[in-house]
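Here is the structure we will look at, set down as structure tokens.
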Amino acid sequence: MNEQQWTNVIESKHSLFRLNLKEVWQYRDLIFMFVKRDFISSFKQTVLGPLWFFINPILTTIVFTLVFGGIANLPTDGIPPILFYLAGNTLWGYFSTTMLSVSNVFTGNAGIFGKVYFPRLVTPISTIISSFMRLGIQLILFWVVLLYYIYRGEVQPNYWAFFFPVLIIFLALFSLGLGMIFSSLTTKYRDLSLLLGFGVSLFMWFTPVILPTTLVKQKLGSYGFLADLNPLTPIFECFKYGFIGSGDFNMTRLLTSFTFIIIILFFGIVVFNKSEKSFIDTV
């Protein structure tokens, strides 16, 4: 009698440090389905559909320009206000949307997780990819505005602009790490999800989206170094420095930020794997 050959074997082996990337790759079709689902559900029964990818950053940039650049008259490091706020909103929109979406992985997909087996890492990865699509569209808008100011001679990009894919990757990894940590915590403490949205909005004020880092350091005086503790700050400043030619960019701080993000990602994976075993009993 011939031995049966199984295509998939479900084992009880579980490690806090195991990513199972090979198994995740086997479920790549499922990742595509989740990405498609997220894209369609985002604009289902809307009039303008994907145009909201453009409308949201445009409206936010206009409001920031009028309120902070016009009424409050806040400096923008010599960068045209529209370009300054658009650059910040593009990166911040990706980070905040991705992190909040990943933080809802367990609670938002409990019904599916309780019925079908697949690598749980598939869901946050699909969220990262879905957000990449939105970011790509918004980057096109940013580059169009950037070309206008380059034509006018008001900004001068440099070779650091070619480094932006690395910045986006680490921004995604930071969103993934933080999102997995909060996703694991909200399975037991549901009220934490209510505070998370407020916390993300508050965190924006400590990131160079509205206020330039130089202004924050000036206001903090001898405590100006605290502005560099935010791991997003070097990424935002490098992005602006590369494309616009202005910003508080420092290579050492950027490498420190990358190191911190890797640590957060590692910790997020450990917490995520630990919660994966028992979350269905607590959600």
* Only one of (1) under 19 Å from the mean Cα position of the chain (by Cα); (2) of a type in the set (G, A, S); (3) not in a helix (DSSP H, G or I) is not met by G247, so which one is it? -> (1)
* **Hey, L178 modelled with pLDDT under 90, open to solvent by 10 Å² or more (accessible area, probe 1.4 Å) and part of a helix (DSSP H, G or I) or not** => no
* **Subset tally (residues that are among the aliphatic types (A, V, I, L, M) and more than 17 Å from W92 (Cβ to Cβ)) for region 225-249** => 2
* Is region 125-132 home to any residue that is over 21 Å from V209 (Cα atoms), out of contact with any Leu (no Cβ under 9 Å at 6 or more places or on another chain) and modelled with pLDDT under 90? -> yes
* Asked: Among the residues of region 132-150, is any part of a helix (DSSP H, G or I), out of contact with any helix residue (DSSP H, G or I) (no Cβ under 7 Å at 6 or more places or on another chain), under 12 Å from F95 (Cα atoms) and open to solvent by 50 Å² or more (accessible area, probe 1.4 Å)?
  -> yes
* Report, by residue number, each residue of region 38-67 that is modelled with pLDDT of 80 or more and more than 18 Å from the chain's Cα centre (by Cα). => I58, L59, T61, I62, V63, F64, T65, L66, V67
* Asked: Restricting attention to region 73-89, does a residue exist that is of a type outside the set (A, V, I, L, M), in a loop (DSSP other than H, G, I, E, B) and at pLDDT 85 or above?
  -> yes
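So that you can scan it fast, the table gives a plain yes or no per residue for (1) under 18 Å from S101 (Cβ atoms); (2) aromatic (F, W, Y); (3) modelled with pLDDT of 80 or more:
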residue: I168; (1), (2), (3): yes, no, yes
residue: A172; (1), (2), (3): yes, no, yes
residue: D191; (1), (2), (3): no, no, no
residue: L215; (1), (2), (3): no, no, no
residue: Y223; (1), (2), (3): no, yes, no
residue: I262; (1), (2), (3): no, no, yes
residue: F267; (1), (2), (3): no, yes, yes
residue: S278; (1), (2), (3): no, no, no
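Per-residue answers, yes or no, for (1) aliphatic (A, V, I, L, M); (2) free of Cβ contacts under 8 Å to residues at least 60 places away in the same chain:
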{"position": "L211", "(1), (2)": "yes, no"}
{"position": "L215", "(1), (2)": "yes, no"}
{"position": "I235", "(1), (2)": "yes, no"}
{"position": "F249", "(1), (2)": "no, no"}
{"position": "L254", "(1), (2)": "yes, yes"}
{"position": "F258", "(1), (2)": "no, no"}
{"position": "I262", "(1), (2)": "yes, no"}
{"position": "F266", "(1), (2)": "no, no"}
{"position": "V271", "(1), (2)": "yes, no"}
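Do we have any residue at all in region 198-208 that's within 28 Å of V63 (Cα to Cα) and not in a helix (DSSP H, G or I)?
Within region 198-208, the first condition is being within 28 Å of V63 (Cα to Cα), and the residues that meet it are 198-208.
Checking the rest, the ones that are also not in a helix (DSSP H, G or I) come to 207-208.
Among the residues of region 198-208, at least one is within 28 Å of V63 (Cα to Cα) and not in a helix (DSSP H, G or I), which makes the answer yes.
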* To do: Kindly establish whether T127 is of a type in the set (V, I, T), over 13 Å from the mean Cα position of the chain (by Cα), within 25 Å of R37 (Cβ to Cβ) and buried (at least 21 other Cβ atoms within 10 Å of the Cβ).
  => no
* Is it fair to say S201 is buried (at least 20 other Cβ atoms within 10 Å of the Cβ) and under 21 Å from the mean Cα position of the chain (by Cα)? -> no
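Is region 102-120 home to any residue that is part of a helix (DSSP H, G or I), among the basic types (K, R) and open to solvent by 10 Å² or more (accessible area, probe 1.4 Å)?
Within region 102-120, the first condition is being part of a helix (DSSP H, G or I), and the residues that meet it are 102, 105-108, 110-113.
In the following step, the residues that additionally are among the basic types (K, R) were identified as none.
No: zero hits.
The values are calculated or read from the model by the stated rules, or taken from the named source; none is laboratory data. All values reported here derive from a predicted model rather than from experimental measurement. Cβ coordinates were reconstructed from backbone atoms using ideal geometry, including for glycine residues, and neighbour counts include every protein chain displayed. Surface areas here come from the heavy atoms of the whole protein model, side chains and all, with no ligands, DNA or RNA. Shrake-Rupley method; radii C 1.70, N 1.55, O 1.52, S 1.80 Å.
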